[in-house]
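*Asks:* Sharing a structure below in structure tokens format, with a few things to ask.
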Amino acid sequence: MLSSVAGREEELHWLALKLIPGLGTRIACKLIAKFRTPMAVFRASPTELEGAGVSGAVSQSIASGCTFDDAAAQQQRLVDTGTVTISISDPRYPQLLREIYDPPVLLFARGRVELLESTALGVVGTRRPTPYGLAVAERLSADLARAGLTIVSGMARGIDTAAHKGAISAEGDTVAVLGCGVDVVYPSENRKLAAELAKKHLLLSEFPMGATAFPQNFPIRNRIISGMCHGVLVVEGAQYSGSAITAKLAMDQGREVFAVPGNITSKASWGPNLLIKQGAKLVQDWNDVVVDLPPETRRLLIERGKEKLLHESGSATSEGGQASLLTSPNAEFSRKLLEIIKVDTPIHMDDLLERVSGCSPSEMIASLFELEMLGLVKQLPGKNFVKVW
């Protein structure tokens with residue numbers, strides 16, 4: 001009980017610090033780095049606070065404790081909605097997000113908090129997509145979710161909504177990063193989607209409970225989408241759109257940037273087409289994303305995919321038993337590939353295509369990735385493959 005009371009007291013101080021008017025993210029992080037805890041920040045003298053870079057007016061606000069009443073009201077709203085706070089000092093705080101230039105000092109999370117520790121990919125795009133853009137966003141998000149990635153987007157109308165729905169349709173995981181409080185539904189037509197995300201996935205925001213979705217909030221929240229992900233996929237968007245801002249943030253944060261090419265006569269394609277010209281990876285299917293992720297991320301996906309398939313199908317040790325785990329529509333091709341690929345002799349994908357009759361390049365890629373997810377095949381440089389058992 002004592003630890004619970006202490007935990008609520010600490011949360012109250014985090015909330016009070018978050019609500020200090022005029023206290024920016026960078027200065028808040030500096031204060032935590034210097035004083036370690038929000039309680040220590042509130043105990044510090046004005047001189048100590050100003051020495052840490054806080055202005056006189058903000059230091060007076062901290063010293064007065066003027067935000068504690070609002071913090072108590074926020075704490076009650078957390079309880080009422082099943083929301084938890086994740087401070088930058090919390091082990092559950094996403095490690096990648098912690099490393100960006102201006103990480104949020106406090107996150108509000110509603111749903112499965114464990115998704116903050118998953119391997120994530122951002123999928124963003126225009127609020128006014130073409131039918132092509134909607135179809136591509138939903139299909140790619142579903143395929144990437146099946147591959148083990150958590151799809152992160154902003155729950156805006158258009159591409160964001162399609163990305164979330166694609167991940168859900170594949171029974172994968174998805175996170176919505178909001179430009180308002182996690183208890184506020186914006187846009188209103190996504191009320192049903194927001195309820196499903198809060199129940200089975202995750203709603204995330206750095207804005208306090210009840211915060212309105214002001215236009216200036218969305219560029220701010222975009223740095224979280226890119227910051228917590230290994231990469232960002234842009235489906236459609238104008239040259240100076242919000243998705244272009246997210247892509248620029250991703251580049252600045254050292255993340256991979258992917259883009260789906262589009263019709264050169266469509267304004268919705270200007271953003272991703274320009275990104276491709278500037279060096280973003282052109283994406284035609286989910287494998288174009290997965291193969292370009294960092295090696296450690298790929299290994300993690302393979303291990304998780306293998307564990308999932310073993311859990312679903314039961315463990316097996318013999319060659320026949322492992323082959324029985326292949327349950328995708330391309331299972332027949334996968335089994336043929338296992339017979340052809342050798343342990344000590346790499347074989348190129350073009351040679352595999354010639355030897356497996358009736359298998360298209362896309363089916364070949366899907367089959368090889370399934371084998372890699374199972375830990376049965378390893379890809380070498382130059383699209384060469386060897387068996388690993």
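The values are calculated or read from the model by the stated rules, or taken from the named source; none is laboratory data. Bear in mind the structure is a predicted one, so any value in this text is a computation, not a measurement. Please note: Cβ atoms are built from the backbone with ideal geometry, for glycine as well, and neighbour counts cover all protein chains shown.
*Asks:* Hey, among Ser226, Ser243, which residue is at pLDDT 95 or above, in the same structural domain as Gly179 (by TED's automatic domain parsing), of a type in the set (Gly, Ala, Ser) and surrounded by 24 or more Cβ atoms within 10 Å (Cβ to Cβ)?
*Replies:* Exactly one of Ser226, Ser243 is at pLDDT 95 or above, in the same structural domain as Gly179 (by TED's automatic domain parsing), of a type in the set (Gly, Ala, Ser) and surrounded by 24 or more Cβ atoms within 10 Å (Cβ to Cβ), namely Ser226.
*Asks:* Here's something else I'd like to know. Enumerate the pairs (first residue in segment 135-161 and under 12 Å from Thr174 (Cβ atoms); second residue anywhere and part of a loop (DSSP other than H, G, I, E, B) and of a type in the set (Phe, Trp, Tyr)) with beta-carbon separation below 9 Å, excluding pairs fewer than 6 apart on the same chain, so at least 6 apart or on different chains.
*Replies:* Filtered contacts from segment 135-161: Met155/Tyr186.
*Asks:* Separate question: Can you work out which of the residues in segment 95-131 that are of a type in the set (Val, Ile, Thr) and surrounded by fewer than 22 Cβ atoms within 10 Å (Cβ to Cβ) is nearest to Ser205 (Cα to Cα)?
*Replies:* Residue satisfying both the conditions and the ranking: Val113.
*Asks:* A further question on this structure: If the requirement is being surrounded by fewer than 20 Cβ atoms within 10 Å (Cβ to Cβ) and either without any contact (Cβ under 8 Å) to a residue 40 or more places away in the chain or not β-branched (Val, Ile, Thr) (or both), which of these qualifies: Ala176, Ala213, Ala194?
*Replies:* Exactly one of Ala176, Ala213, Ala194 is surrounded by fewer than 20 Cβ atoms within 10 Å (Cβ to Cβ) and either without any contact (Cβ under 8 Å) to a residue 40 or more places away in the chain or not β-branched (Val, Ile, Thr) (or both), namely Ala213.
*Asks:* Does Tyr132 satisfy the criteria of being part of a helix (DSSP H, G or I) and either of a type in the set (Lys, Arg) or touching a residue at least 60 places away in the same chain (Cβ under 8 Å) (or both)?
*Replies:* Values: part of a helix (DSSP H, G or I): yes; either of a type in the set (Lys, Arg) or touching a residue at least 60 places away in the same chain (Cβ under 8 Å) (or both): yes.
Yes: the conditions hold for Tyr132.
*Asks:* Pick from segment 195-218 the residues that are of a type in the set (A, V, I, L, M) and farther than 21 Å from Pro94 by Cβ: which of them is modelled with the highest pLDDT?
*Replies:* Within segment 195-218, the subset of a type in the set (A, V, I, L, M) is 195, 197-198, 202-204, 209, 211, 213.
Among the residues that remain, those that are also farther than 21 Å from Pro94 by Cβ are: 195, 213.
On the way: Ala195: 97, Ala213: 94.
The selected residue is Ala195.
*Asks:* Restricting to segment 197-210, count the residues that are crowded, with 16+ Cβ neighbours inside 10 Å and not hydrophobic (A, V, I, L, M, F, W, C). Spell out the reasoning first.
*Replies:* First pass over segment 197-210, keeping only residues crowded, with 16+ Cβ neighbours inside 10 Å: 197-198, 201-209.
Imposing the further condition that a residue be not hydrophobic (A, V, I, L, M, F, W, C) reduces the set to 201, 205-206, 208.
Residues that pass the stated criteria total 4.
*Asks:* Go through segment 165-197 and count every residue that is part of a helix (DSSP H, G or I), of a type in the set (A, V, I, L, M, F, W, C) and in contact with a helix residue (DSSP H, G or I) (Cβ under 8 Å, 6 or more places away or on another chain). Show your work before the answer.
*Replies:* We begin by selecting, within segment 165-197, every residue part of a helix (DSSP H, G or I); these are 165-169, 188-197.
Then keep just the ones that are of a type in the set (A, V, I, L, M, F, W, C); that gives 167-168, 193-195, 197.
In the following step, the residues that additionally are in contact with a helix residue (DSSP H, G or I) (Cβ under 8 Å, 6 or more places away or on another chain) were identified as 167-168, 193, 197.
Of the residues in segment 165-197, 4 are part of a helix (DSSP H, G or I), of a type in the set (A, V, I, L, M, F, W, C) and in contact with a helix residue (DSSP H, G or I) (Cβ under 8 Å, 6 or more places away or on another chain).
*Asks:* Also, quick follow-up: Could you say whether any residue in segment 316-335 is modelled with pLDDT of 65 or more, touching a helix residue (DSSP H, G or I) at 6+ places or on another chain (Cβ under 9 Å) and buried (at least 19 other Cβ atoms within 10 Å of the Cβ)?
*Replies:* Scanning segment 316-335 turns up at least one residue that is modelled with pLDDT of 65 or more, touching a helix residue (DSSP H, G or I) at 6+ places or on another chain (Cβ under 9 Å) and buried (at least 19 other Cβ atoms within 10 Å of the Cβ).
*Asks:* Then there's this: Restricting segment 4-48 to residues that are closer than 22 Å to Gln76 by Cα and among the charged types (D, E, K, R), which is surrounded by the fewest Cβ atoms within 10 Å (Cβ to Cβ)?
*Replies:* Among those residues, the one meeting the criterion is Glu9.
*Asks:* Moving on. Look through Ala167, Ala142, Ala176, Ala163 and report the one residue that is more than 15 Å from Cys229 (Cβ to Cβ) and of a type in the set (Gly, Ala, Ser).
*Replies:* Just one listed residue meets the conditions, Ala142.
*Asks:* Looking at the structure I just gave you, is Gly305 more than 23 Å from Gly158 (Cβ to Cβ), modelled with pLDDT of 90 or more and out of contact with any strand residue (DSSP E or B) (no Cβ under 7 Å at 6 or more places or on another chain)?
*Replies:* The answer is no for Gly305.
*Asks:* Let me ask another. Which helices (runs of 4 or more DSSP H) does segment 1-63 wholly contain that include 2 or more residues that are at pLDDT below 90?
*Replies:* In segment 1-63, the matching helices (runs of 4 or more DSSP H) lie at 2-18, 46-51.
*Asks:* While we're on this one: Go through Ala156, Ala162 for me and flag whichever is assigned to a helix (DSSP H, G or I), crowded, with 20+ Cβ neighbours inside 10 Å and in contact with a helix residue (DSSP H, G or I) (Cβ under 9 Å, 6 or more places away or on another chain).
*Replies:* The match here is Ala162.
*Asks:* Please enumerate the residues belonging to segment 217-262 that are closer than 27 Å to Val184 by Cβ and small (Gly, Ala, Ser).
*Replies:* Result: Ser226, Gly227, Gly237, Ala238, Ser241, Gly242, Ser243, Ala244, Ala247, Ala250.
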